[in-house]
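Trainee: Have a look at the structure that comes next, please.
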Amino acid sequence: MQISEEIKISDNGFVFNSRTGESFSLNPMGLEMIKMIAIDNGFDEIRESILEKYDVDELAFEKDFYEFLAMLKHHQLTQQGNPLDFV
Amino acid sequence: MKKSTYEKPIISKITTGVPGKFGLSTKQKIIAEIDSIPVAKFVEEFGSPVFVFSEKKIRETYNDAKRAFETRYPKVQFAWSYKTNYLDAVCSIFHDEGAWAEVVSGFEFEKALSLGVNGANILYNGPEKSKQDLMLAIDHNASIHIDHFDELYLLIETTRKMNKKARVAIRINLDAGIYPMWDRFGFNYENGEAWNAINRIMLAENLELIGLHTHIGTYIMTASAYGIAASKLSNLMIATHRKFDYWLKYIDLGGGFASKNTLKGAYMPGSETCPSFDDYAEAISNAIISSEIPHENLPVLFLETGRALIDDAGYLITSVLANKRSTTGRKTLVIDAGVNLLFTSFWYNLGVFPSREVTDFMEDTTIYGPLCMNIDVVREAINFPQIKTGDQLVIERVGAYNVTQWMQFITYRPNVVLIDLEGKTHIIRKKENLETIKKNEFNPKK
Ligand SMILES: Cc1ncc(COP(=O)(O)O)c(C=O)c1O
């Protein structure tokens, strides 16, 4: 999954979509994850880094992460791919 | 190295111009304990979901209401509205505080008797009274509130056959400026029907007319409507005295005071908008005292207050079964209590609260019950924090009507627990099981 080119992410958790003019806000964890996604980290890398740093178990992380990705997709912040692709 | 605290990643759209949603700084209220007992402890001991009632709150609310009326009017008597909550333990607390019983069926009448209520302290309302019910009421000297002419004639016939007297009142419907006007119960004031009924009863030798009753509706937000109703009943009392030289003994203004719950569609929370007991008491007392009834003949004022006396004392503890996203990206929660247990969620935006500290981030959320039906929605839209699956929520102000109108549908009805004045917990209605359901079934095929 890739973040679309038009998306600008600021360090204070503010997200702007220059194509639609919409803006979004992220909580600190959302910001940390979207930054990793934006630089093309895969699921495994992100999981490893979060699990190492934070007090969270693998399954809880996985669930939250995929829900977060689904929301990014829902808000059209990601490049639209094939609907049959796994997230 | 100690790891940092994790929180769920969240992204939300910023909608300019619309206040609230993201950045709304209102602090989320938490209900971590009920009468100093941690919420988790109830679930551990009694399962989830579980209804919890506070005896302390019941008594406090009752005494607030009583004080509001007794400081303004000389003779006040509450009659506990059984239909609102007829769990034995709850009724017994109200009776212990001095309340009479207000019942609307043979079943409720029998339940009041079984709790030791003196028949003469039962007000018997409602349009559904069979001949057997009437005989039971006559035998126990209850006040029978006649709903319609057919009942009046059945009562005349029954008292003749029994060769006994019945103490009666009539239910009156009237225009108190409330929309919709409840005109399906009782005799109408404005068109003279109530006056006709009074005349007929005064001539019936086995009927002793002792009072006038009305119940103008439920969740009445304007206290002045009660002033209008009290004036109209006072007028009938005066007319009865003029014609028959007889003072009726009581005026019963029914129930209907609003509880602090918030009606669906209301802009402001009910806790901000609903009148206080003092407001209702002021309107009613002024109307009767300023009528032409002489001070020494002032009637006893009966009140059948239901929801306003018990809503606040009841809680439902429930657990989160699932966190989901709808196809539109909307956050949804599935909890283990639905409309089967929360009949009042059809009228109210019930207050749902986390039971432990949450992050500040709030999101517009829909809360679903566990039933396999589309209508099982506890809250359509509530600004809600992130709650982990398995965590407990507390739904407040569910003491009225839910434990009488609940449905045994798909699952068993849960334990109901009372916290007594010493802080001890008691199961006052046991969770149902297969046997509860099957014991009244008969299977000719097996
Ligand atoms: C005759 C009568 N009295 C009292 C009540 C209690 O009403 P509430 O719970 O609105 O106070 C009702 C409720 O419908 C009623 O019908």
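Trainee: For the pair B:ASN118/B:THR5, report the inter-label distance in nm, with labels modelled 7 Å from Cα in the Cβ direction.
Mentor: Going from the B:ASN118 label point to the B:THR5 one covers 5.9 nm.
Trainee: Apply the Karplus curve 6.51 cos²θ - 1.76 cosθ + 1.60, θ = phi - 60°, to the phi angles in segment B:119-131 and return the couplings in whole Hz, x for Gly and Pro.
Mentor: Once θ is set to phi - 60°, the couplings for segment B:119-131 become x, 5, 9, 10, 9, 10, 9, x, x, 10, 10, 7, 4 Hz.
Trainee: Which residue, B:ASN141, B:ASN383, B:ASN261, tops the fluctuation ranking in a GNM of chain B built on C-alpha contacts under 10 Å?
Mentor: Answer for the Gaussian network model of chain B: B:ASN383.
Trainee: Now a separate question. Please identify the chymotrypsin sites (Phe, Trp or Tyr not before Pro) of segment A:14-77 that satisfy two criteria: DSSP loop assignment and at most 15 other Cβ atoms within 10 Å. Which are they?
Mentor: Numbers: sites: A:PHE14, A:PHE16, A:PHE24, A:PHE43, A:TYR54, A:PHE61, A:PHE65, A:TYR66, A:PHE68; in loops: none.
For chymotrypsin sites (Phe, Trp or Tyr not before Pro) across segment A:14-77 that sit outside H, G, I, E and B with at most 15 neighbouring Cβ atoms in 10 Å, the list is empty.
Trainee: Residues with amide H under 5 Å of B:LEU209's amide H, sequence separation 5 or more or different chain, H placed in the peptide plane at 1.01 Å from N; which?
Mentor: For B:LEU209, the qualifying residues are B:VAL168.
Trainee: Excluding residues on the same chain fewer than 8 positions from B:LYS232, give the aspartates and glutamates whose Cα lies under 13 Å from its Cα.
Mentor: B:ASP175, B:GLU190, B:ASP252, B:GLU292
Trainee: Counting pairs of alpha carbon atoms under 8 Å apart in space and at least six apart in sequence, what relative contact order in percent does chain B give?
Mentor: On the way: 889 pairs, mean separation 85.1, N = 446.
Relative CO of chain B lands at 19 percent.
Trainee: Over the alpha carbons of chain B, what is the largest minus smallest coordinate on each principal axis, giving the biggest first in Å?
Mentor: The Cα atoms of chain B stretch 90, 64, 43 Å along the principal axes, largest first.
Trainee: Let me ask another. Check which residues have an amide H placed less than 5 Å from B:TRP80's amide H, if you skip close sequence neighbours.
Mentor: Those qualifying (amide H under 5 Å, at least 5 residues apart or on another chain) are B:TRP100, B:ALA101, B:GLU102.
Trainee: Relative contact order, percent, of segment B:195-315 when contacts are C-alpha pairs under 8 Å separated by at least 6 residues? Let's see the in-between values first.
Mentor: Numbers: 169 pairs, mean separation 37.6, N = 121.
After rounding, I find 31 percent.
Trainee: How large is the convex hull of the C-alpha atoms of the protein assembly as shown per residue, in Å³? Intermediate values should be presented prior to the final figure.
Mentor: Working: hull volume 111.0 nm³, N = 533.
Value for the protein assembly as shown: 208 Å³ per residue.
Trainee: Any of B:LYS66/B:LYS111; B:LYS8/B:LYS331; B:LYS29/B:LYS324; A:LYS8/B:LYS13; B:LYS388/B:LYS424 with alpha carbons more than 19 Å apart? Name them for me.
Mentor: Numbers: B:LYS66/B:LYS111 24 Å; B:LYS8/B:LYS331 13 Å; B:LYS29/B:LYS324 23 Å; A:LYS8/B:LYS13 14 Å; B:LYS388/B:LYS424 29 Å.
From B:LYS66/B:LYS111; B:LYS8/B:LYS331; B:LYS29/B:LYS324; A:LYS8/B:LYS13; B:LYS388/B:LYS424, over 19 Å: B:LYS66/B:LYS111; B:LYS29/B:LYS324; B:LYS388/B:LYS424.
Trainee: Additional query: With every protein chain present, what accessible area does B:THR411 have (1.4 Å probe, heavy atoms only), rounded to the nearest 10 Å²?
Mentor: 60
Trainee: Ok, one more. Sorted from largest down, what three extents in whole angstroms do the Cα atoms of segment B:327-436 have along their principal axes?
Mentor: 42, 35, 25
Trainee: Using a Gaussian network for chain A with springs between C-alpha atoms less than 10 Å apart, which of these wobbles most: A:GLU48, A:GLU62, A:GLU32?
Mentor: Fluctuation is largest for A:GLU48.
Trainee: Which whole-Hz ³J(HN,Hα) couplings does segment B:418-434 yield from phi under the Karplus relation 6.51 cos²θ - 1.76 cosθ + 1.60, θ = phi - 60°, glycine and proline marked x?
Mentor: Calculated HN-Hα couplings, in order: 10, 9, 7, 5, 8, x, 8, 9, 9, 6, 9, 8, 6, 4, 6, 9, 4 Hz.
Trainee: Running a GNM on chain B with Cα contacts under 10 Å, which residue among B:LEU123, B:LEU393, B:LEU113 ends up with the highest mean-square fluctuation?
Mentor: Checking each option, the largest mean-square fluctuation is seen for B:LEU113.
Trainee: Additional query: May I ask what percent, to the nearest 5, of DSSP beta bridges between residues of the protein assembly as shown are antiparallel?
Mentor: Values: 41 of 81 bridges.
The antiparallel fraction comes to roughly 50 percent.
Trainee: Normalised by the number of residues in chain A, what is the relative contact order in percent for Cα pairs under 8 Å and 6+ residues apart? Each step should come with its number before you reach the end.
Mentor: Values: 68 pairs, mean separation 26.0, N = 87.
Relative contact order of chain A: 30 percent.
Trainee: Given B:ALA313, B:GLN132, B:ILE427, which one lies farthest toward the positive end of the charge dipole of chain B, if we put +1 on the Cβ of every Lys and Arg and -1 on the Cβ of every Asp and Glu?
Mentor: B:ILE427
Trainee: Now, a different point. If you wrap segment A:7-82's Cα atoms in a convex hull and average its projection over all directions, what's the area in nm²?
Mentor: Values: hull surface 21.3 nm².
The number I arrive at for segment A:7-82 is 5.3 nm².
Trainee: Do any of B:LYS83/B:LYS164; A:LYS73/B:LYS260; B:LYS83/B:LYS249 go past 32 Å between their Cα atoms, and which?
Mentor: Details: B:LYS83/B:LYS164 29 Å; A:LYS73/B:LYS260 41 Å; B:LYS83/B:LYS249 25 Å.
Violating the 32 Å Cα-Cα cut-off are A:LYS73/B:LYS260.
Trainee: Taking every alpha carbon pair in segment B:48-141, what does the distance histogram look like in 5 angstrom bins from 0, in percent?
Mentor: Histogram of Cα-Cα distances, whole percents per bin: 3, 12, 23, 20, 18, 12, 8, 3, 1, 0.
Trainee: What is the average number of partner chain Cβ atoms found within 10 Å of a Cβ in B:1-8?
Mentor: Average neighbour count from other chains, rounded to a whole number: 6.
Trainee: Cα to Cα, under 18 Å, and not fewer than 8 places away if on the same chain: which lysines meet these conditions relative to B:LYS439?
Mentor: Excluding near neighbours in sequence, the set is B:LYS430, B:LYS431.
Trainee: Next question. Taking the solvent-accessible surface of protein heavy atoms with a 1.4 Å probe, what is the per residue accessible area of segment B:192-315 in Å²?
Mentor: Details: 4650 Å² over 124 residues.
Averaged over the residues of segment B:192-315, the accessible area is 37 Å².
The values are calculated or read from the model by the stated rules, or taken from the named source; none is laboratory data. What you see is a predicted model, and the numbers here were worked out from it, not measured in a lab. For neighbour counting, all protein chains shown are included, and Cβ atoms are generated from backbone atoms with ideal geometry for every residue, glycine included. Protein only, heavy atoms only, side chains kept; ligands, DNA and RNA dropped before computing areas. Shrake-Rupley method; radii C 1.70, N 1.55, O 1.52, S 1.80 Å.
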